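What follows is one structure encoded as structure tokens, with my remarks underneath.
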Amino acid sequence: MIEVQNLYFGYGEASCLFADFSFTVEKGEAWTVIGPSGCGKTTLLYLIAGLNKPTGGEIRINSEKITRPRPSTGLVLQDHGLLPWATVLDNTRLGLKIRKFYGPDGKHSPADMQMDEKKNKERIDYWLNWLGIGRLQNMYPAQLSRGQRQRAAIARTLVLEPDLLLMDEPFSALDAPIREELQKVMFQFHQQSKMTSLIVTHDIEEAVVLGEKILVLDNCCNRFPKIVPNDLSGAVGKRSDPDFIMKCSQIRELLAVCANSPPLKEH
Amino acid sequence: MKKKATFLSTLSGTIMFFGLWQLAALAVNRPILPSPVVVVPLFLNNMTAELGLHFLASFTRVLAAIFVATVFAAPLGLALGQMPRIDSIASPLIAIIYPIPKIIFLPVIYVVIGISDFSKVMLIAIIIFFQILVVVRDEASNLKKELILSVKSLGAGRRALFRYVYLPASLPGVLTALRVSVGTAVAVLFIAEQSLTTWGLGYYIVIETYQVLMYPEMYTGIMGMGLLGMLLYFAIYAIELKVSKHMYVE
């Protein structure tokens with residue numbers, strides 16, 4: 001699904017975030033990306049989303065090289081990015097409106113897109129209700145709680161029926177109970193939809209709860225992907241189980257090794 | 001959240017205004033301050049005659065100025081707000097020109113553009129131009145990077161960004177700038193119309209009535225100009241309420 005091949009990227013000459021960095025995400029997998037701030041995890045997400053361009057190497061999604069945002073990739077950011085002047089309903093509709101604006105050109109919208117107003121409306125209702133904000137359709141973002149805004153942003157993305165979901169610290173601005181609630185919602189979503197997803201987080205527990213595979217990045221130039229397989233994803237209610245705590249400390253150790261030594265070669 | 005002006009608050013304001021005017025007229029008791037009881041019927045009567053034409057002349061000039069200013073300032077403001085590098089070059093200049101009262105350029109404009117309606121319109125347009133320019137530029141540069149990115153990720157290119165983000169984001173700013181500057185615009189119009197024209201409320205108030213001591217008629221002109229400012233203010237306000245609903249929610 002996603003092939004990152006010999007990726008090079010840095011901001012400016014001296015900086016290096018990725019060098020000859022490669023990994024592959026298979027279709028249907030749920031990944032989390034974790035690392036300290038400044039490690040390039042958001043950059044990696046933007047690169048995959050086509051919002052940043054690699055300085056070297058390439059990223060392919062379904063064997064197609066990414067040079068600009070891809071219509072079937074859904075992106076949810078930490079700051080919900082809702083239009084403040086539009087209601088929840090209008091915000092959820094925004095992606096569909098943009099697609100209608102361009103028509104099925106394959107660049108801004110999928111080339112095989114079909115515009116069926118009735119189906120679109122049903123899909124909007126479905127996702128708003130599924131995310132529990134069906135009754136807030138006519139409210140403006142300023143009238144919602146943070147959690148509700150993030151739900152609206154997720155609905156806006158899912159309405160477009162993406163085949164790949166990218167999320168950049170989607171829940172880090174939320175209070176703990178709401179964050180855990182939304183983690184549960186997103187895990188259920190993945191179980192039902194089997195959609196390929198990549199969620200960036202700085203929270204170790206979140207990485208374990210949401211990721212079937214966990215990619216650990218560090219502050220030195222990332223060359224070798226540190227990938228931790230994880231069978232504990234979805235263990236929302238088991239945060240105090242010994243397994244869960246062990247997994248978390250395994251990740252914590254991986255996060256700490258950075259500057260001292262190059263990671264063991266898997267290549 | 002802003003506070004809405006209601007019909008009731010406007011009505012009570014109007015009643016108080018005329019009440020105070022009447023009291024002042026009784027207290028002063030001189031020809032220079034006639035009672036509204038005399039002026040209002042005269043005003044209604046004259047509005048269907050020559051005063052109406054003066055009103056129309058002034059109204060047209062302000063509308064034309066608003067149009068010209070918006071057409072030039074809004075796109076320029078958007079462009080500056082989106083291009084920080086050019087903005088950093090232009091903004092010191094704008095900051096210097098912005099607070100200068102543009103009315104002082106009246107003679108210059110008359111000489112350069114010529115004595116015509118066009119030059120009067122241009123003078124007002126320049127005033128409104130800077131108000132809109134600054135507001136739209138700031139609105140456009142204040143848009144969060146994340147907002148733009150997430151709309152881009154929904155498939156928006158330059159055109160869709162303009163249509164769905166920049167345009168709706170700057171419209172409330174344009175309207176607020178217009179509403180705030182419309183008072184200044186009418187004031188400048190009043191001065192500009194005092195010379196080199198025979199139509200307009202400024203001409204009517206100063207030349208046709210004040211200088212020949214026709215005080216009640218002069219007051220009908222003043223009422224006309226007041227009404228002009230008020231009508232424009234509330235018309236823009238009404239559009240604002242429609243466009244910027246999200247700013248007025250509880």
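General observations
- Unmet requirement for B:Val165, which otherwise passes all of (1) over 22 Å from the mean Cα position of the chain (by Cα); (2) of a type in the set (Val, Ile, Thr); (3) over 30 Å from B:Glu146 (Cβ atoms): (3)
- Qualifying position, being in contact (Cβ under 8 Å) with a residue 60 or more places away in the chain, crowded, with 16+ Cβ neighbours inside 10 Å and more than 14 Å from every other protein chain (Cβ to nearest Cβ), among A:Gly81, A:Gly35: A:Gly35
- On inspection, A:Asn52 qualifies as in a loop (DSSP other than H, G, I, E, B) and within 14 Å of chain B (Cβ to nearest Cβ).
- Filtered residues of region A:22-32 (kept if part of a strand (DSSP E or B) and surrounded by fewer than 17 Cβ atoms within 10 Å (Cβ to Cβ)): A:Ser22, A:Thr24
- Per-region count, region A:136-148, residues more than 12 Å from chain B (Cβ to nearest Cβ) and either closer than 22 Å to A:Met167 by Cβ or modelled with pLDDT of 95 or more (or both): 5
- With respect to the conditions (1) modelled with pLDDT of 90 or more; (2) within 14 Å of chain A (Cβ to nearest Cβ), B:Leu149 falls short on a single one, namely (1).
- Within region B:152-164, being within 7 Å of chain A (Cβ to nearest Cβ) and either crowded, with 23+ Cβ neighbours inside 10 Å or assigned to a helix (DSSP H, G or I) (or both) holds for B:Lys152, B:Ser153, B:Leu154, B:Gly155, B:Ala156, B:Ala160, B:Arg163, B:Tyr164.
- Checked against the criterion of being free of Cβ contacts under 8 Å to residues at least 12 places away in the same chain and under 23 Å from A:Gly81 (Cβ atoms), the candidates A:Ser197, A:Ser240, A:Ser193, A:Ser172 yield just one match: A:Ser193.
- Taking residues in region A:57-74 that are within 14 Å of chain B (Cβ to nearest Cβ), and partners anywhere that are of a type in the set (Asp, Glu) and in a loop (DSSP other than H, G, I, E, B), the pairs with Cβ atoms closer than 8 Å and at least 6 places apart or on different chains are A:Ser72/A:Glu161; A:Ser72/A:Asp163; A:Thr73/A:Asp163.
- The residue that is nearest to B:Ala238 (Cα to Cα), counting only those in region B:5-20 that are at pLDDT below 90 and among the β-branched types (Val, Ile, Thr), is B:Thr6.
Yes/no matrix, rows are residues, columns are (1) assigned by TED's automatic domain parsing to the domain that holds B:Val121; (2) at pLDDT 95 or above; (3) under 30 Å from B:Val212 (Cα atoms):
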{"residue": "B:Asn46", "(1), (2), (3)": "yes, no, yes"}
{"residue": "B:Phe55", "(1), (2), (3)": "yes, yes, yes"}
{"residue": "B:Thr60", "(1), (2), (3)": "yes, yes, yes"}
{"residue": "B:Ile97", "(1), (2), (3)": "yes, no, no"}
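The values are calculated or read from the model by the stated rules, or taken from the named source; none is laboratory data. This is a predicted model, so every value here is computed, not measured. Positions of Cβ are generated from backbone atoms using ideal geometry, with glycine treated the same way; all protein chains shown enter the neighbour counts.
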